[in-house]
Each structure stands twice: as C-alpha cells, then as structure tokens.
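Have a look at the structure below, then the notes.
The values are calculated or read from the model by the stated rules, or taken from the named source; none is laboratory data. Quantities reported herein were computed from a predicted structural model and do not represent experimental measurements. In this analysis, Cβ positions are derived from the backbone assuming ideal geometry, glycine residues included, and neighbour counts consider all displayed protein chains. When the accessible area is computed, the model is the full protein with side chains, heavy atoms only, and any ligands, DNA or RNA have been set aside. Shrake-Rupley method; radii C 1.70, N 1.55, O 1.52, S 1.80 Å.
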Amino acid sequence: MKVLITGAGGNLGRVLAPALADKGYEPVMMDYREMDAPFPFIKGDVTNKEDVFRAVEGVDAVVHAAALHGIHLSAYPRDDYWKLNVEGTYHVYEAAKQFNVNKILLCSTMGVYGASVKEPEAGYGIVSEELPALPGDFYGLSKKLCEELAQFYSRAHGISTIAYRLGMFVPEDFLRYGFRLLKGGVDDRDVAQSFLLGLENTTISYEAFNIMAEVPFSPDEFARWRSEPAAFLEERYPGLAGLVRAKGGNLDELLAMWVHIYWPIDRAKDMLGYRPQYNFGEFYEALRTDNEGHYPYANLPWWGI
C-alpha cells in the first residue's frame, strides 16, 4: 500500500515515514525542497495543482501535512496561508477524486478551537471535539476551512478523511518536551501511532480527533492541579522538583502556561483505538533514571540536501 506524505520534510514526515515502512507500507515523500530520503521522493509544491496530481497518481492513501503553521504567522502574509493551506488542500482532494484515492489523513490543529478555549474564572476548561471551532487567528481559520473541505469531499465523493487536531510535537529540549505532555503536547511516536490507526480504519467516513498525550489525572482532580500544580505533581511524582533542578530547569516556568485547560482524548480512544504510550508518567520515569534517550526524536534527521 503506497502512502503519499505531503510536506514530508516536516516534523510529521520524519517520524511517520519510518513508522509506515516498519508496518509494511510504502511511504512516498513529497516536499518542495530536495530530500535525500531512504524512500521514494517526489519534488513538488502542493500550491501547484500539476505537482499534486503527479504525486497522487498511483498511491492508495494520502497523509496531507504540507502547511504553514501558527509559528509562522508573523513571517508570512494571509495570502500565503490561503494558497498553501487552503488551496493546497483543495488540490489534494481534487487529485484524490481524479485518481480514486479514497482515504486522506489530514493534519489539522488544536488551534481550530480558538475562542472556544476560554479560561474560566474558577476551575478549568475542557476542550473536547464537541466544542465549536472558533479560530482565533488566520492559521486556525485556514485549518477549519481544510476540515470543511474534507467533510464536503467525504459527503460528495466518498473520500474518507480523519482530521487530526494535533497537539504540540515540535522538537524541544527534554524538559520542555516532558512538561508539554501535561498541557496539550504529544510524543512524536504517538502521533505516528494515530496515523497508522487511521490507515487501518475502515469505518470512519469523516471525523476529527484531538491527538494529545493522556493527562495523568481526572477532571475531578483538575481544580487542584490548576490551583497548585507544583505541589500536586510533587505528590503524584515524588522528587520531581529536585529532578528538574538537577537538569537546570525551572519548575514554575515549565508549569506557567495552559494549566487551565484539560484536553480529553476519549473520542480518539473510543473511535480510533488510540492509546498513547509516551505520557508524562513515562517521561517522569525517564527523568528519574536519567534516560534522555527516552525522547530520541528531537534529533531526528531531516533528509534535506
């Protein structure tokens, strides 16, 4: 089974392509940059319809990852977001329709929620897929429009899509990687797992899923987590503060953002079979045993030349 990855030189492609090969799929990598990857490669730009049609012909499924992201908002105008994110996604679906490719796995973002993610005066906010998508910036809007394109092509042309509202998984240092797992982050390998599950699924015509690490406490415990996160974590994970200091980290700084938001993954677990394996508990054990190799993906190669 041939699986095309658009934007394959990015963070998703570098972890997903080897995972696909390990499972017996044939990854086909597409990027606008040259790549010296150990898999078939097509140089092309998703903003160019002919490039997309050339890449999609002959594949069995598409992982559509090519996009500008939120971190690029200050560097790129809205026209570029429209052309790459929205028009590029349109090209992918038109090519899939042309060549009878019936499955697309779409990289979306937690950023589609936007104004739905409101910090309450007391307690916490639960950001589930039932909340409306109310983007707060043009990046989030572009991804919401991509999801709407996917729903249309599912209804009108039978192209099944799973939209992945991905948490944070850009490469970071070991401590920041670990603490983001509490606050909407996810390990690269669990992202890859979710896409493999999407390829195996035969029942979903269109769904959108939060893909994050599993928060290691219940909503009932969240008020305590929000009010005194350092003390709460120290009880749950003895010695954590000292371990962070030994690594040169600042616990208060690591806990400073997003402690008011709870990101459930129940929908992905129930419908997709998603079971993240690299959560905060595993990070704590790696920190306790001084095993920074637990997170090897920060230094994965990009196959650019």
Relative contact order (percent, whole number), the stretch 192-305, Cα cutoff 8 Å, 6+ residue spacing: 38 percent
message: Can you tell me, using C-alpha contacts under 8 Å and at least 6 residues apart, the relative contact order of the chain as a whole percent?
response: 19 percent
query: Taking a probe of 1.4 Å, how large is the accessible area per residue of the stretch 161-305, in Å²?
result: 42 Å²
query: Taking N as the number of residues in the chain, what is its alpha-carbon radius of gyration divided by 2.2 N^0.38 Å?
result: 1.01
- request: Add +1 for every Lys or Arg and -1 for every Asp or Glu among the other residues with Cβ under 15 Å from the Cβ of Ala192, and state the total.
  value: -1
message: Looking at the stretch 76-121, I'd like the Rg to Rh ratio, where Rg is from alpha-carbon atoms and Rh is Kirkwood's inverse mean 1/r.
response: 1.16
field: Stokes-Einstein D for the stretch 205-305, Kirkwood Rh over Cα pairs, 20 °C, 1.002 mPa s (µm²/s)
entry: 135 µm²/s
query: What number, rounded to the nearest 500 deg cm²/dmol, is the helix-based mean residue ellipticity at 222 nm of the chain, given -39500 (n - 2.57) per DSSP H run of at least four residues and division by all its residues?
result: -10500 deg cm²/dmol
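Mind ordering 155-167, 101-113 by average Cβ neighbours within 10 Å, highest first?
On the way: 155-167: 20.7, 101-113: 23.8.
With the highest mean Cβ count within 10 Å placed first, the list reads 101-113, 155-167.
How high is the FRET efficiency from Glu148 to Lys43, r the C-beta distance, R0 35 Å, rounded to 0.05?
According to the calculation, E is roughly 0.75.
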message: Test of understanding: in a Gaussian network model of the chain with alpha carbons linked when under 10 Å, which of Ile204, Ile42, Ile126 would top the mean-square fluctuation ranking?
response: Ile204
query: Rolling a 1.4 angstrom probe over the protein heavy atoms, how many square angstrom per residue are accessible across the stretch 67-107?
result: 50 Å²
task: Could you name the lysines whose alpha carbon sits less than 28 Å from that of Lys269, not counting residues in the same chain fewer than 8 places away?
output: Lys2, Lys23, Lys103, Lys118, Lys143, Lys144, Lys183
- request: Would you mind finding the longest exposed-site-free stretch of the chain, with exposed GluC sites (Glu not before Pro) meaning DSSP loop and at most 12 other Cβ atoms within 10 Å?
  value: 131-305
- request: Can you grab the distance from the C-alpha centre of the stretch 178-253 to the C-alpha centre of the stretch 1-50, Å, no decimals?
  value: 28 Å
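Do you know the relative contact order of the stretch 24-176, to the nearest whole percent, from alpha carbon pairs under 8 angstrom that are 6+ apart?
The normalised contact order for the stretch 24-176 reaches 22 percent.
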query: Of Gln98, Gln277, Gln193, which is the most mobile in a GNM of the chain whose springs link Cα atoms less than 10 angstrom apart?
result: Gln98
- request: Report, to the nearest whole %, how much of the accessible area of the stretch 202-305 belongs to carbon and sulfur atoms, 1.4 Å probe, protein only.
  value: 48 percent
statement: log10 I(q)/I(0) for the stretch 148-268, Debye formula on C-alpha points only (no solvent), q = 0.16, 0.21 Å⁻¹, two decimals, reads -0.83, -1.18
- prompt: In whole percent, how big is the carbon plus sulfur part of the accessible area of the stretch 1-123, probe 1.4 Å, protein atoms only?
  reply: 46 percent
message: Taking every alpha carbon pair in the stretch 1-52, what does the distance histogram look like in 10 angstrom bins from 0, in percent?
response: 29, 56, 15, 1
query: When the convex hull of the C-alpha atoms of the stretch 26-176 is computed, what volume per residue in Å³ does it have?
result: 147 Å³
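Let me check I have the definition right: for the stretch 86-171, take the eigenvalues of the Cα gyration tensor, multiply each by 5, take square roots. What are those semi-axes in whole Å, largest first? Before the final figure, lay out each step's value.
Working: eigenvalues 163, 30, 26 Å².
After scaling each eigenvalue by five and taking roots: 29, 12, 11 Å.
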query: Put +1 on the Cβ of every Lys and Arg and -1 on every Asp and Glu Cβ in the stretch 1-66; which of Asn11, Pro40, Gly24 then has its Cα farthest towards the positive end of the dipole?
result: Asn11
